[in-house]
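Remarks on the structure that follows.
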Amino acid sequence: MRALVQRVSEAAVRVDGETLGEIGPGLLILVCAMQGDDDAKPRAMAEKLSKLRIFKDADGKMNRSLKDTGGAALVVSQFTLAADTSRGNRPGFSTAAPPAEGERLYEMFAEEVAALGIPTARGRFGADMKVSLVNDGPVTIWVEV
């Protein structure tokens, strides 16, 4: 499972003009299930991201986690994180989990984040989503489990 995590002061996801989810301070989590991911991956990713110390402490150092700050998470599926750009100019996505499995693992991941007590909003798997955000920092981190 892969995730691109952005520390945000606010973020939202819309489909066909309808806001599906929005958050204030916290993390925008773009997530992709990969071929071979099992049911342990969503829990491991949720645990890792909830404890990732990328929020500033009183001294301005990245020393606090999402759980420490009480921030929220906006979870958005993004199979393009599986892109293989090693050959040619057109990325390949064959390493992404098949759609049905990707959706199941994405939903499981969002549920695991919420189960950790983190306010969680989400997008819609497979939809043409419009994501807006204000990246705080900017802080953007690639995470794999």
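The values are calculated or read from the model by the stated rules, or taken from the named source; none is laboratory data. Keep in mind it's a predicted model, so treat the numbers as computed, not measured. Counting neighbours? That spans all protein chains shown, and the Cβs are built from the backbone with ideal geometry, glycine included. Side chains included, ligands, DNA and RNA excluded: accessible areas come from the protein's heavy atoms. Shrake-Rupley method; radii C 1.70, N 1.55, O 1.52, S 1.80 Å.
How many residues does the stretch 84-135 contain that are in a loop (DSSP other than H, G, I, E, B), closer than 18 Å to ALA33 by Cβ and open to solvent by 40 Å² or more (accessible area, probe 1.4 Å)?
Count: 8.
Residues in the stretch 104-117 that are farther than 15 Å from THR80 by Cβ and either of a type in the set (Asp, Glu) or within 13 Å of the chain's Cα centre (by Cα) (or both): how many?
So in the stretch 104-117, the residues farther than 15 Å from THR80 by Cβ come out as 104-105, 107-117.
With either of a type in the set (Asp, Glu) or within 13 Å of the chain's Cα centre (by Cα) (or both) added as a condition, the list becomes 105, 107-114.
Of the residues in that region, 9 qualify.
How do the pairs read when you match residues in the stretch 94-112 that are within 21 Å of VAL5 (Cβ to Cβ) with residues anywhere that are in a helix (DSSP H, G or I) and open to solvent by 20 Å² or more (accessible area, probe 1.4 Å), using Cβ under 7 Å and keeping only pairs 6 or more apart or on different chains?
Short answer, once both residue conditions are applied: ALA96/PHE79; GLY102/PHE79; LEU105/LYS41; GLU112/ARG43.
Of the numbered conditions (1) crowded, with 16+ Cβ neighbours inside 10 Å; (2) farther than 21 Å from LEU133 by Cα; (3) within 14 Å of the chain's Cα centre (by Cα), GLU47 satisfies every one except a single condition; which is it?
(1)
Check THR69, THR80 and return the single one that is within 14 Å of the chain's Cα centre (by Cα), of a type in the set (Ser, Thr, Tyr) and open to solvent by 20 Å² or more (accessible area, probe 1.4 Å).
Of the residues listed, the single one that is within 14 Å of the chain's Cα centre (by Cα), of a type in the set (Ser, Thr, Tyr) and open to solvent by 20 Å² or more (accessible area, probe 1.4 Å) is THR80.
Would you be able to say whether some residue in the stretch 13-32 is over 12 Å from the mean Cα position of the chain (by Cα), modelled with pLDDT of 95 or more, part of a helix (DSSP H, G or I) and within 22 Å of MET62 (Cβ to Cβ)?
So far as the stretch 13-32 goes, no, none of its residues is over 12 Å from the mean Cα position of the chain (by Cα), modelled with pLDDT of 95 or more, part of a helix (DSSP H, G or I) and within 22 Å of MET62 (Cβ to Cβ).
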